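Enquirer: I am attaching a structure below and will ask some questions about it afterwards.
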Amino acid sequence: MTLHKYFSIWVKLALNAVQETFINRATSVLFLSGKAIRFAMMLLFLLLLRTQLDSIGEYSTDHLVLFYLTYYFVDLFGQMFYRGVYQFGQKVRTGEFDFYLLKPISPLFQSLAGKPDINDAIFFIPSVLISIFVASQLNIPITVSGIAWFILLFINSLLIVTGLHMLVLAIAILTVDVDGIIWLYRDISKLSQFPVTIYFEPLRTILFFVIPVGFMVTIPAEVLIGNTPTYSLAMTFIVGTLFLTCSYIAWKQSLKHYTSASS
């Protein structure tokens, strides 16, 4: 019943976001144009990667293309569902977050998913179609079992993405600053555009076990291309679950330190 209630609320929020998109048509067109240019530049980068390099470490350039696409879609899901995180700092500074605490729904849900990005959702479908075409041109034998495990690991990646955004919210309550933190997260996550295993220690361990973008991108991509994953699948699911749990605990603890704008 609770899941159905929150899904219904999210649908209403998404419909509101659609209305805002059509009201601000010029802004939305500019945003989608920027997304299209960015995606085209990404495809150009992947093309240059394939034509100018033979390999990086133990991975061929075809492998690197799949790593890059995996990162792109994990990041895109975070942008679509958790765009409200980018505005959370302002809500804390102005005291609008006080009203979140008074409503009979989870303030975490409102802060995370209260403003879905419809523009990213619109761009998602053509991105998928183009990416499937690009993947079909690669010289990589992809199996049905590999795809099945990739889907499960991708879901686990979304748990890690959710946990990372929860941490951003928790830090925003404590520091009243979200802009620097969210962009720091995005900069660090961009390191997973390439296999995390190519980095030297201790950066490699940090990207697996402190800020686990390695489990978020590298492991699913390794399974998809048929390589033995750097860490076991069981470890990957355990890290995803534990990270989400610890992030939720950090969020709950941060609420105890929230003093509202009037204090």
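The values are calculated or read from the model by the stated rules, or taken from the named source; none is laboratory data. The structure presented is a predicted model; accordingly, all values stated were derived computationally and were not measured. Positions of Cβ are generated from backbone atoms using ideal geometry, with glycine treated the same way; all protein chains shown enter the neighbour counts.
Enquirer: Looking only at segment 132-141, decide whether some residue is modelled with pLDDT of 85 or more and in a helix (DSSP H, G or I).
Expert: no
Enquirer: How many residues are within 15 Å of I130 (Cβ to Cβ) and either hydroxyl-bearing (S, T, Y) or touching an Asp or Glu at 6+ places or on another chain (Cβ under 9 Å) (or both) when one looks only at segment 34-69?
Expert: Number of matching residues: 2.
Enquirer: Further, regarding this structure: Consider S127 against the criteria (1) over 29 Å from A17 (Cβ atoms); (2) modelled with pLDDT under 90; (3) not in a loop (DSSP other than H, G, I, E, B): it satisfies all of them except one. Which criterion is unmet?
Expert: Unmet condition: (1).
Enquirer: Still on this structure, I have one more. State whether the residues of segment 244-259 include one that is closer than 30 Å to L138 by Cα and in contact (Cβ under 8 Å) with a residue 40 or more places away in the chain.
Expert: Taking every residue of segment 244-259 in turn, none turns out to be closer than 30 Å to L138 by Cα and in contact (Cβ under 8 Å) with a residue 40 or more places away in the chain.
Enquirer: Output the residue which, of all residues in segment 82-136 that are among the small types (G, A, S), more than 16 Å from the chain's Cα centre (by Cα) and within 20 Å of F39 (Cα to Cα), is surrounded by the most Cβ atoms within 10 Å (Cβ to Cβ).
Expert: Here the answer is S131.
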